[in-house]
Amino acid sequence: MTDVVFALAINGLVWGLIIALIALGLSIIFGLLDIINVAHGDLFMLGTVGGLVIATATGSFWVAIVLVPIIAFALGLALERFVIRPTIRQAALTIVTTFGLSMMLQEGVRATYGPQPRRMAPPIGGTVPLFGIDYDIYRLFAAIFAALALAAFFVFLNRTKLGTRIRAVRHDPETATALGIPVARVCGITFALGTAMAALGGVIAAPITTVEFRTGVDILPFCFMAVVIGGLGNLQGTVAAAVLLAVMEGLVTSFANPTIARIVSLAIMSGVLLFRPHGLFAGATR
Amino acid sequence: MSAAVNRAALLVLAAALLAVPQFLPLLNAGFWTNVVTEILIWSLLATSVNLLFGYVGLLSFGQALYFGFGMYGAALAVTHWNAGFWGGTLAGIVAATLMAVVAGVLAVRLTWHYFAIITVVFSLIFYFAAMSAKPITGGDDGLSFSAPPVFDAFGLKLTLADTVTQYYVVLGLTALCYGLLWLILRSPLGLRFEAVRENDRRARLIGINVYLCRLTAFILAGAVAGLAGALFAFFGRYASASYMFYHVSGEATVWAIVGGVGTLLGPLFGTALLIVFRELVSTVWENYLFAVGALTVLVVMFAPRGLAGLWSDGLAKLSGRSASQPDPQAGAAEAPR
């Protein structure tokens with residue numbers, strides 16, 4: 001029994017780190033552009049599908065893991081320029097545009113890639129003994145890779161010129177404009193970065209989940225939960241909340257069914273929204 | 001002048017809706033009558049979004065929850081208590097209203113993003129609960145039942161099995177609902193709603209109980225969504241938990257905003273546009289949802305105030321005056337966070 005609980009907790013941790021990557025993308029878009037991106041889950045889905053398609057075409061998963069985020073970044077730039085920016089002044093409208101976008105992405109993938117769910121063989125097979133259980137090597141790799149990507153993002157945000165600009169625009173767009181920061185371009189890059197992170201999460205997750213046009217629908221509420229429980233605009237909080245939630249769902253799943261686990265995390269989220277609306281980690285650095 | 005035009009347009013709309021079953025079957029027996037029936041029902045769900053967003057400035061992304069309660073209220077009352085059509089409809093409205101009271105007491109403490117998110121969360125909780133409570137709700141497969149007659153006395157029997165009867169029953173109830181909302185929205189309560197939407201701080205300073213106002217609107221919106229759900233259950237003769245998913249709420253929000261929030265009939269036209277478009281494209285293209293998504297994005301980009309905005313701008317241009325209507329979204333977008 002303890003083995004099962006332990007395995008599910010580790011699964012939760014792995015999944016949590018991947019979700020953290022996706023949710024962080026959602027969080028920076030939300031924090032900087034003040035839009036609720038309903039299409040974010042579908043950008044993740046695009047990553048899983050793109051990963052599978054490119055890996056099959058080139059015969060190498062590693063090409064996909066490099067190419068997909070780059071393509072997604074370009075797609076993000078285009079989406080921001082042509083779909084998001086025209087409606088940016090009215091935050092409510094962006095929910096509608098991203099909702100329309102979400103329909104287009106799902107249906108576009110269904111039309112081209114097909115409706116049937118597929119599975120992707122992990123690029124690294126085999127298991128490794130881990131505290132008494134045999135654990136999938138690929139899952140460990142996915143967790144480490146996601147953690148590295150998260151760390152790289154925070155280094156980028158805190159140590160580079162562009163990262164500093166992004167933080168400046170988040171903090172006070174007007175002053176940033178006055179200081180000569182090209183705010184519109186920074187917004188575009190941020191959206192593209194968020195898109196790329198969702199897609200990268202998708203490529204990493206492709207071998208451990210099903211690849212189909214609907215996966216984004218399930219992942220979106222979970223990402224929003226992480227963003228809200230971590231505190232809107234609190235990036236480190238988002239990461240911590242994603243990992244906490246996933247591990248908790250993993251643990252609850254070991255003695256109840258996954259639906260109950262999902263209801264429990266939703267109930268926690270309502271509690272956080274009502275009693276700690278600035279997130280569990282309010283007061284932490286923004 | 002524009003008021004007169006609007007009144008005339010309303011008469012034309014009413015006449016057209018009354019005449020629907022007479023003309024549409026010529027094109028395709030019963031099919032388009034059912035499409036218009038469906039539009040009327042879904043427009044009520046869009047109206048429930050509009051009541052909150054367009055009139056008190058709260059963007060809900062979870063109205064499908066009350067729609068689902070309306071569906072199950074009606075379906076369970078008919079299957080377990082042998083309730084008739086009217087009893088079932090009432091049960092649906094009551095179930096949705098009670099749920100809205102419980103959810104509203106908590107949800108309207110929050111505004112803007114937080115409100116949008118907590119409404120989704122509430123609807124997801126009950127969606128998952130309904131999905132796993134298969135013995136009661138039927139889960140994904142749903143709960144089928146046979147619709148009781150609408151009226152059965154004095155030798156006259158009206159049933160929903162007849163497409164035209166069903167259409168007029170739905171039209172009557174929808175019209176009644178819009179009529180009541182019209183009365184409410186032009187009453188002092190309706191003015192208070194708008195004051196809260198425009199500026200909740202000023203509204204509070206002139207003595208309006210903002211919390212109570214928002215709660216009233218929330219419960220009202222829940223009841224309207226419940227009516228929509230009950231009617232849809234009778235229309236499809238079944239209730240399913242899948243209608244409580246956030247995608248349904250999202251669609252309703254899209255219909256309301258595409259139609260134009262802050263106007264009573266805007267959502268009806270938004271719903272009509274997107275559903276008619278969907279029905280037309282789906283006959284020629286399998287991946288019609290792509291086109292629906294594209295249309296949604298385009299409408300919002302080129303008509304940010306929705307169809308109602310286009311209409312009032314058009315009227316203003318015709319009468320040679322500039323549009324002086326305040327932008328209904330402006331208030332909501334600037335709501336303090």
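The values are calculated or read from the model by the stated rules, or taken from the named source; none is laboratory data. Computed from a predicted model, the values in this text were never measured in an experiment. Note that we place each Cβ from the backbone using ideal geometry, even for glycine, and neighbour counts take in every protein chain shown.
Within the range B:203-228, being charged (D, E, K, R) and modelled with pLDDT of 90 or more holds for one residue alone: B:Arg214.
Give B:Val105, B:Val170, B:Val196 a once-over and let me know the one that is under 21 Å from B:Ala64 (Cα atoms) and either surrounded by 18 or more Cβ atoms within 10 Å (Cβ to Cβ) or acidic (Asp, Glu) (or both). Step by step, each of B:Val105, B:Val170, B:Val196 is checked, and only B:Val170 is under 21 Å from B:Ala64 (Cα atoms) and either surrounded by 18 or more Cβ atoms within 10 Å (Cβ to Cβ) or acidic (Asp, Glu) (or both). Would you confirm, using the coordinates I've provided, whether A:Ala206 is among the small types (Gly, Ala, Ser) and either over 15 Å from A:Leu150 (Cβ atoms) or at pLDDT below 85 (or both)? In short, yes. Tell me whether the range A:62-85 contains one or more residues that are farther than 18 Å from A:Gly194 by Cα and either of a type in the set (D, E, K, R) or part of a loop (DSSP other than H, G, I, E, B) (or both). No: zero hits.
Rundown of residues vs (1) within 14 Å of chain A (Cβ to nearest Cβ); (2) within 21 Å of the chain's Cα centre (by Cα); (3) not in a helix (DSSP H, G or I), yes/no style:
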position: B:Leu106; (1), (2), (3): yes, no, no
position: B:Phe115; (1), (2), (3): yes, yes, no
position: B:Val120; (1), (2), (3): yes, yes, no
position: B:Phe128; (1), (2), (3): yes, no, no
position: B:Met131; (1), (2), (3): yes, no, no
position: B:Ile136; (1), (2), (3): no, no, no
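Within the range B:268-278, at least one residue is buried (at least 22 other Cβ atoms within 10 Å of the Cβ), within 13 Å of another protein chain (Cβ to nearest Cβ) and touching a residue at least 12 places away in the same chain (Cβ under 8 Å). Considering only residues in the range A:83-127 that are polar (S, T, N, Q) and more than 10 Å from chain B (Cβ to nearest Cβ), the one that is surrounded by the fewest Cβ atoms within 10 Å (Cβ to Cβ) turns out to be A:Gln116. The set of residues in the range A:207-217 being over 14 Å from the mean Cα position of the chain (by Cα) and either on the phi > 0 side of the Ramachandran plot or in a helix (DSSP H, G or I) (or both) consists of A:Pro207, A:Ile208.
Looking at the range A:142-163, is at least one residue part of a strand (DSSP E or B), in contact (Cβ under 8 Å) with a residue 12 or more places away in the chain and surrounded by 14 or more Cβ atoms within 10 Å (Cβ to Cβ)? Checked against the condition, which is being part of a strand (DSSP E or B), in contact (Cβ under 8 Å) with a residue 12 or more places away in the chain and surrounded by 14 or more Cβ atoms within 10 Å (Cβ to Cβ), the range A:142-163 yields no hits at all. Contact map, the range A:25-42: first residue under 13 Å from A:Val169 (Cβ atoms), second residue modelled with pLDDT under 90 and in a helix (DSSP H, G or I), Cβ cut-off under 6 Å, separation 6 or more or different chains; pairs are A:Gly31/A:Arg170; A:Leu32/A:Arg170; A:Leu33/A:Cys187; A:Asp34/A:Ala91. Taken as a whole, the structure places B:Phe235 among residues that are touching a residue at least 40 places away in the same chain (Cβ under 8 Å), more than 14 Å from every other protein chain (Cβ to nearest Cβ) and of a type in the set (Phe, Trp, Tyr).
Would you check if there is a residue in the range B:64-83 being part of a helix (DSSP H, G or I) and either within 14 Å of chain A (Cβ to nearest Cβ) or in contact with a His (Cβ under 7 Å, 6 or more places away or on another chain) (or both)? Yes - at least one qualifying residue is present in the range B:64-83. Contact map, the range B:286-302: residues that are in a helix (DSSP H, G or I) paired with residues that are polar (S, T, N, Q), Cβ distance under 6 Å, separation 6+ or inter-chain. Pairs shown: B:Tyr288/B:Ser282; B:Val297/A:Thr97; B:Val300/A:Thr87; B:Val300/A:Thr97. Residues in the range A:232-262 that are within 11 Å of chain B (Cβ to nearest Cβ) and either farther than 19 Å from A:Leu13 by Cα or at pLDDT 85 or above (or both): A:Leu232, A:Gly233. Starting from residues that are among the polar types (S, T, N, Q) and more than 30 Å from B:Val297 (Cβ to Cβ), keep the ones in the range A:1-45 and report whichever is surrounded by the most Cβ atoms within 10 Å (Cβ to Cβ). So, considering only residues that are among the polar types (S, T, N, Q) and more than 30 Å from B:Val297 (Cβ to Cβ), the one surrounded by the most Cβ atoms within 10 Å (Cβ to Cβ) is A:Asn11. Taken together, the residues in the range B:43-99 that are closer than 20 Å to B:Gly172 by Cβ, surrounded by fewer than 24 Cβ atoms within 10 Å (Cβ to Cβ) and not aliphatic (A, V, I, L, M) amount to 4.
Would you confirm whether any residue within the range B:151-162 is crowded, with 19+ Cβ neighbours inside 10 Å and modelled with pLDDT of 85 or more? Looking through the range B:151-162, none of the residues is crowded, with 19+ Cβ neighbours inside 10 Å and modelled with pLDDT of 85 or more.
Selection of the range B:194-206 for residues being in contact (Cβ under 8 Å) with a residue 24 or more places away in the chain and out of contact with any Ser or Thr (no Cβ under 8 Å at 6 or more places or on another chain) yields B:Glu194, B:Val196, B:Arg197, B:Glu198, B:Asn199, B:Arg201. Regarding A:Ile268, is this residue surrounded by fewer than 19 Cβ atoms within 10 Å (Cβ to Cβ), within 14 Å of chain B (Cβ to nearest Cβ) and in contact (Cβ under 8 Å) with a residue 12 or more places away in the chain? The answer is yes for A:Ile268.
In the set A:Leu220, A:Leu193, only one residue is within 14 Å of chain B (Cβ to nearest Cβ) and assigned to a helix (DSSP H, G or I); that residue is A:Leu220.
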